[in-house]
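Q: Just dropping this structure here.
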Amino acid sequence: MDLENQRRVLEFTEEFGAENMLIILGAAEAEAAGLAAETVTAGDPTYAGPLAGVSLGLQVFHVFEPEIKDQFDPDVYEEQLGMMEMVLDVDEIVDEMKGIREQFGQFN
Amino acid sequence: MFPVIKGAAYILAHTPDMVLHNGTTQTTERTVNPDSEYLKQVPNNLRSFEQFVSYPPNQTFIGNLSPSELGELDLPWYDKQAEGASSDGKYGEIFQQDEFIGWIKLADVFNLVSLEKDFTESIRQSIESREGLSESFRTALGEGVSLEKIEKEIAEKGAEALIHDGKTVGCVKRAHDIDPNLNAHVIFENLVSKASGAMALISLLEKHQIDPLDIDYVLECSEEACGDMNQRGGGNFAKAIAEVAGCKNATGSDTRSFCAAPTHALINASALAQSGIYPNVVIVGGGSTAKLGMNGKDHIKKGLPILEDGVAGFAALISQNDGVHPILRTDLVGKHMVGTGSSPQAVITSLITAPLDRGNLKITDIDKYSVEMQNPDVTKPAGAGDVPLANYKMIAALGVMRKEMERTDIADFTKKHGMVGWAPTQGHIPSGVPYLGFAMQDIMEGKIHRAMIVGKGSLFLGRLTNLFDGVSIVIETNPGQVEEEATVSKDEVRQMVAEAMRSFAASLTE
């Protein structure tokens, strides 16, 4: 995850409390989504950014996951995300996200 | 009359030492974690020049292996070699690191680069025999200085080391004691960009036998900024590059929009040529050392060599219509507007279907789309996926939503209208323009009729806006002036016949 985004996640967590944080990802690949999710739960796996060695355990979802998708107005979702849902491997992304949450999430 | 694309050139410089010393992934690691295992592994996971040259995507980049031939090779490519690989390509060439360091010295007109004496002698022959260099630059290597002097500059005056085969062979000095925009690091990156841009421009002129004096204007479109503390991005790379290549009749300016800049430059150049303001316009972009080894950690973790081990550059010439070369359809351009929004649908609509609708064309009427042609061999192991394929799927998905094709046709569409990526991940370099050379060839050989060049850029990285950017333009077969002239001459014939009949009739009545 971008070092600047890591810094912002850390700052917001310190300001609002980890239990009040929800991270929504839009990565196009399961692996990239998994890395970002790991960064905000277990800590930065590349040990490069502000979240290196910092396990926040935040709630993290991909926008394709039903927990998030169901909160949208279906027309808005279709307009904004319908096309990407058609071309990306949604199942793989959802599985990856579930795995990371089960392994590292502290607010499930 | 639409303008034409007359030539394109691409260069690569194999820069293994710069991966470790100048790539930001590695320099960041050195700051954060100086004893890192990764940094120790880097030198053992770099490719030789021969491996770099024979790497199939690099052969495609310089024009020796067509995109379709590359596509026939199964991924991964890092363990494969292109047959008959050569550092000399149809559209460009591949340089060794020592020669590239020589070009950095040539690009320096303020005596900021010092090269060691013996090293200077070792590269003199290859540099000074280069015909395309203007005279003052060809002799700019000088005699070189002692290693002692170079090491003193590095140790005491903040100079940036130039390293070859693990040894210091020179340095780039700072151009000001306190100005951060003229420190050694910035000067080094700017000289790398200038040198690789100049190499691409010279290659363009040589490969297509273009007289440098014919060039009227140069648009540079890299991602660097040059200036001092009072004008950080003052410019002008374009004119500095034109000077190296001896384009004495040219001026120029720099165009910026992150990775979208080359396509912006292509469109701007087309407008300048078509209007006649500047009949011959070169677009040029040098490369970047910062991006070397960007995904190195993932490559090493997965047992691959570091595949981002070269600096790239490209150049292309846009001219007034000659009736022969492929035309740039300046009436079929796409633009991502401020109000477009960031959803993929909106982005693809603005860049792909909006210009097509203007020409009453369907998505399938474009034979080849050249999008962000990043090499998947580099990006897939880093978890970033296959970038061109993802783009083709999005274009196809829009086609499905517009009911121009069936959902089951998506896979076929990506093969037929897409290409595998081959360009090094040097930001602006992979964006749309890598196909210009092959597009010209494919169109002129009648293999395809129409291609679309699409450039996209991540403006938000500059923290001035959250917006994204993108532009596109269609290139197609030149219908030829002959046809037009034939129509005119038919009219003339009719007129002559009419006149003859009239005078015949007049003679009868007399």
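Q: Restricting to DSSP H runs of at least four residues, report the calculated mean residue ellipticity at 222 nm for chain B, -39500 (n - 2.57) per run over all residues, nearest 500 deg cm²/dmol.
A: About -11500 deg cm²/dmol.
Q: Quick one: net charge around B:ASN280, please, counting Lys, Arg +1 and Asp, Glu -1 for every other residue with C-beta under 10 Å from its C-beta.
A: With Lys, Arg at +1 and Asp, Glu at -1, the neighbours total -2.
Q: Once you list every other residue whose beta carbon is under 12 Å from the beta carbon of B:GLU404, what net charge do they have if Lys and Arg are +1 and Asp and Glu are -1?
A: Within the 12 Å Cβ shell, the charges total 0.
Q: Working from Cα positions, state the angle (0 to 90°, nearest 10) between the long axis of helix A:74-87 and the longest principal axis of chain A.
A: 80 degrees
Q: In sequence order, what are the phi-derived ³J(HN,Hα) couplings for region B:7-15 according to the Karplus relation 6.51 cos²θ - 1.76 cosθ + 1.60 with θ = phi - 60°, rounded to whole Hz, with x for glycine and proline?
A: x, 9, 9, 9, 10, 10, 10, 6, 10
Q: Enter the Cα centre distance for the pair region B:186-241 and region A:1-53, rounded to the nearest angstrom.
A: 39 Å
Q: Of all alpha-carbon pairs in region B:326-435, indicate the percentage at a distance above 21 angstrom.
A: 38 percent
Q: Principal axis extents for region A:3-104, Cα atoms only, whole Å, descending order, please.
A: 38, 26, 24
Q: Rounded, prolate or oblate: which one fits region B:217-263, using the alpha carbon gyration tensor with axes a ≥ b ≥ c (rounded when a/c is under 1.5, else prolate when a/b beats b/c, else oblate)?
A: Because a/c hits 1.5 or more and a/b fails to exceed b/c, region B:217-263 counts as oblate.
Q: Using a ≥ b ≥ c from the Cα gyration tensor of region B:155-252 (square roots of the eigenvalues), is it rounded, prolate or oblate, where a/c under 1.5 gives rounded and otherwise the larger of a/b and b/c decides, a/b for prolate?
A: Details: a/c = 3.20, a/b = 1.57, b/c = 2.04.
Oblate, since a/c reaches 1.5 and b/c is not below a/b.
Q: Throw me the Rg/Rh for the protein assembly as shown, computed over C-alpha atoms with Kirkwood Rh, two decimals.
A: On the way: Rg = 26.7 Å, Rh = 26.1 Å.
That ratio is 1.02, to two decimals.
Q: For a bin width of 20 Å, list the pair-distance distribution of chain B built from all Cα-Cα distances, rounded to whole %.
A: In order of increasing distance, the bins hold 22, 54, 19, 4, 1, 0 percent.
Q: Amide H to amide H under 5 Å from B:LEU162: which residues, 5+ apart in sequence or cross-chain, H placed 1.01 Å off N in plane?
A: It is B:VAL169, B:GLY170, B:CYS171, B:VAL172, by chain and number.
Q: Helix B:261-275 versus the longest principal axis of chain B: what is the Cα-based angle in degrees, 0 to 90, to the nearest 10?
A: Once rounded, one gets 40 degrees.
Q: Compute the orientation-averaged projected area for region B:347-388 from the convex hull of its Cα atoms and round it to one decimal in nm².
A: 3.5 nm²
Q: Cα gyration tensor of region B:241-395, axes a ≥ b ≥ c as square roots of the eigenvalues: rounded (a/c below 1.5), prolate (a/b > b/c) or oblate?
A: In terms of gyration-tensor shape, oblate.
Q: Calculate the length of the line joining the C-alpha centroid of region B:58-85 to that of region B:390-460, in whole Å.
A: Here the two parts' Cα centres lie 18 Å apart.
Q: Still on this structure, please answer the following. Quick check: the angle from helix B:147-157's long axis to the longest principal axis of chain B, C-alpha only, nearest 10 degrees?
A: With rounding to tens, the tilt is 90 degrees.
Here, each number is a calculation from the coordinates, and none is a lab measurement. For clarity, every value in this text was computed on a predicted model and none was experimentally measured. For neighbour counting, all protein chains shown are included, and Cβ atoms are generated from backbone atoms with ideal geometry for every residue, glycine included.
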